[in-house]
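Engineer: Sharing a structure below in structure tokens format, with a few things to ask.
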Amino acid sequence: MEKRVVITGMGIHSCIGTNLDEVKKSLYNGTSGIIFDQDRKDFGFQSGLTGNIPKPDLKPLLKRRQRISMGEESEYAFMATIEAFENAKIDQEYIDNNEVGLIYGNDSVSKSIIEATDIMREKMDTALIGSGAIFKSMNSTITMNLSTIFRMRGVNMTISAACASGSHSIGLAFLMIKNGLQDIVVCGGGQEVNKYAMSSFDALGVFSPDEDRPTQACRPFDSTRNGLIPSGGGATLVVESYESAVKRGAPIIAEILGYGFSSNGGHISTPNVVGPSTAMKRAIEQAKLSPKDIEYINAHATSTPIGDANEAKAIYEVFGENGPYVSSTKSLTGHECWMAGASEVIYSTLMMQNNFIAPNLNFENPDEDAKKINITGKTIDKKFDIYLSNSFGFGGTNSALVLKKMN
Amino acid sequence: MEMNEIIEKVNEVLVDEFEVEIDTIKPDANLRETLDLDSLDYVDLVVAIESISGVKLGEEDFKGIETFQDFYDVLHSKVAEKQD
């Protein structure tokens, strides 16, 4: 018998806050986390805009041996996971005595690889790279670090699916629990945002050039949008079977009802309409709902001309006239890439818990596609119970999740 | 490099790299136990020593090292070899 799947804990380390309370306030107030970084410009970036993520101090929290295996993305993921475990009322004793799984999204370790390569170029001797480099420079670095720090003994793997990695990690955790293979899975997404990680993305000329107005530069769905802004951090969710959550007396925050996935089968970077609409339809169908039941859509929209237009077309195709409220929280955070699918579920769940819809910042003049859907440029005080979160990535990977409030 | 300078530089880099208190490093103290070294940590020890002396220690060099004094002696000898 299939199991109900719920979220019992969330944790976040992002450019709009380093805990749930800070993030909730930023979402409600429409506070942007975007800055201009001169160092990127000096390094040769076309755009020096970036999400501004505080570096956590792990020295009081972890031993040297643990820290030296962690790159930027693992540090963020660790901070988010501490908060998620606390909120889920899971301590180390529980993890030591019960099987807890880990499926986390990550798709780059650029800085760690470059640092190790720089040492090789200078020293010409692998013996001088150090012992932490290998564990930092593998794509599964977050799961190998978290699983050893917290001594986890369940499923243990990294999901790499570009900018849909975090969303797919939740979807796969959902399927594992739904089918009775695990009771609890920690999932989420981590994203390095350093200049090494983002330089090849900037090479495509897709970052907004509006360096003189960082907080207004990210304008999803607006007709004057001219590119995305790279960002990152860590977002962790504790996903659990309903039975396990009740048995533990854990706080049940939301229920995951549906996970839809698809692949565009087309261009490596240019999204289409049919792939995203297929993922949304599948998620709604799996949730045993109809499009009219969805009250809010957290859009993937990154502020690129074609990406946002095609997502608006896909939303219109699925939801038609008078569809649900839509906003892209990337207008506040920038594009959190591998983390985005997980962080945006946290953002949307915070909104659902606190009865508001965060604004699609800088949405002033809709284009023809945006006019057809119900995008809100302002914070709306509104109780809602069901939302859908979209995440799409390079290579045409798409993920859509449907979640419902637990009362 | 004279022995006094070796001891001073080695102790400084070990405190920094392995995050131990300086007063735990004594000539007759056990190197592995004091620094809480596992097999991976020896890789970082090699890197740390190279950074202060230019000497690359190999697996063979660690055979017979028990105390910090043993370690200083091996390093002193390797530095002398390098300078010759």
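The values are calculated or read from the model by the stated rules, or taken from the named source; none is laboratory data. Fair warning: this is a prediction, and the values are worked out from it, not measured in the lab. Cβ atoms come from the backbone with ideal geometry, glycine included; neighbour counts cover every protein chain shown. Each accessible area value is taken on the protein alone, full model and side chains, heavy atoms only, with ligands, DNA and RNA left out. Shrake-Rupley method; radii C 1.70, N 1.55, O 1.52, S 1.80 Å.
Engineer: Could you tell me which of the residues A:A340, A:A314 is in a helix (DSSP H, G or I), under 21 Å from the mean Cα position of the chain (by Cα) and more than 21 Å from A:P359 (Cβ to Cβ)? Give the steps one after another, and end with the answer.
Structural biologist: Details: A:A340 fails: more than 21 Å from A:P359 (Cβ to Cβ).
Result of the check over A:A340, A:A314: A:A314.
Engineer: Then there is this: Can you tell me which residues in region A:100-158 are over 19 Å from the mean Cα position of the chain (by Cα) and aromatic (F, W, Y)?
Structural biologist: Across region A:100-158, the qualifying residues are A:F135, A:F150.
Engineer: For region A:262-287, which residues satisfy the criterion of being open to solvent by 60 Å² or more (accessible area, probe 1.4 Å) and either assigned to a helix (DSSP H, G or I) or acidic (D, E) (or both)?
Structural biologist: Matches in region A:262-287: A:V274, A:K281, A:R282, A:E285.
Engineer: I've got another one for you. Report, by residue number, each residue of region A:221-250 that is assigned to a loop (DSSP other than H, G, I, E, B) and either closer than 28 Å to A:K55 by Cβ or touching a helix residue (DSSP H, G or I) at 6+ places or on another chain (Cβ under 7 Å) (or both).
Structural biologist: Scanning region A:221-250 gives A:F221, A:R225, A:G227, A:I229, A:S231, A:G232, A:A250.
Engineer: What number of residues in region B:16-70 are in contact with a Pro (Cβ under 6 Å, 6 or more places away or on another chain) and either under 21 Å from A:L128 (Cα atoms) or without any contact (Cβ under 8 Å) to a residue 40 or more places away in the chain (or both)?
Structural biologist: Initial filter on region B:16-70 (in contact with a Pro (Cβ under 6 Å, 6 or more places away or on another chain)): B:68-69.
Subset that is either under 21 Å from A:L128 (Cα atoms) or without any contact (Cβ under 8 Å) to a residue 40 or more places away in the chain (or both): none.
Total satisfying the criteria: 0.
Here's the yes/no breakdown for (1) within 24 Å of A:D107 (Cβ to Cβ); (2) within 14 Å of chain B (Cβ to nearest Cβ); (3) touching a His at 6+ places or on another chain (Cβ under 8 Å):
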{"position": "A:T8", "(1), (2), (3)": "no, no, no"}
{"position": "A:G17", "(1), (2), (3)": "yes, no, no"}
{"position": "A:F45", "(1), (2), (3)": "yes, no, no"}
{"position": "A:G48", "(1), (2), (3)": "yes, no, no"}
{"position": "A:I53", "(1), (2), (3)": "yes, no, yes"}
{"position": "A:T81", "(1), (2), (3)": "yes, no, no"}
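Engineer: Just a yes or no: is a residue in region A:136-156 part of a strand (DSSP E or B) and open to solvent by 20 Å² or more (accessible area, probe 1.4 Å)? Spell out how you get there, then give the answer.
Structural biologist: Step one: of region A:136-156, the residues part of a strand (DSSP E or B) are A:156.
Keeping just the survivors that are open to solvent by 20 Å² or more (accessible area, probe 1.4 Å) gives A:156.
Yes: one or more hits.
Engineer: A further question on this structure: Looking at A:K372, A:K330 in this structure, which one is open to solvent by 30 Å² or more (accessible area, probe 1.4 Å) and not hydrophobic (A, V, I, L, M, F, W, C)? Give the steps one after another, and end with the answer.
Structural biologist: Numbers: A:K330 fails: open to solvent by 30 Å² or more (accessible area, probe 1.4 Å).
The match here is A:K372.
Engineer: Which of the helices (runs of 4 or more DSSP H) contained wholly in region B:1-61 include at least 3 residues that are open to solvent by 20 Å² or more (accessible area, probe 1.4 Å) and more than 10 Å from chain A (Cβ to nearest Cβ)? Can you show your working first?
Structural biologist: On the way: elements: B:3-18, B:31-35, B:39-53.
Hits in region B:1-61: B:3-18, B:31-35.
Engineer: So, in region A:290-311, of the ones that are hydroxyl-bearing (S, T, Y) and assigned to a loop (DSSP other than H, G, I, E, B), which residue ends up surrounded by the most Cβ atoms within 10 Å (Cβ to Cβ)? Give the steps one after another, and end with the answer.
Structural biologist: Kept after step one, since they are hydroxyl-bearing (S, T, Y), are these residues of region A:290-311: A:290, A:296, A:302-304.
Checking the rest, the ones that are also assigned to a loop (DSSP other than H, G, I, E, B) come to A:290, A:302-304.
Values: A:S290: 9, A:T302: 28, A:S303: 26, A:T304: 23.
Top of the filtered list is A:T302.
Engineer: Quick one: would you say A:G48 is modelled with pLDDT of 95 or more and on the phi > 0 side of the Ramachandran plot? Before the answer, list the steps.
Structural biologist: Details: modelled with pLDDT of 95 or more: yes; on the phi > 0 side of the Ramachandran plot: no.
No; evaluated as a whole, the condition is false for this residue.
Engineer: Now for a different question. Take the residues in region A:92-118 that are in a helix (DSSP H, G or I) and in contact with a helix residue (DSSP H, G or I) (Cβ under 6 Å, 6 or more places away or on another chain); name whichever of them is nearest to the other protein chains (Cβ to nearest Cβ). Break it down stepwise before answering.
Structural biologist: Residues of region A:92-118 that are in a helix (DSSP H, G or I), as a first pass: A:92-97, A:110-118.
Next cut, in contact with a helix residue (DSSP H, G or I) (Cβ under 6 Å, 6 or more places away or on another chain) only: A:110-112, A:114, A:116.
Numbers: A:S110: 22, A:K111: 18, A:S112: 15, A:I114: 18, A:A116: 12 Å.
Across region A:92-118, the extreme among qualifying residues is A:A116.
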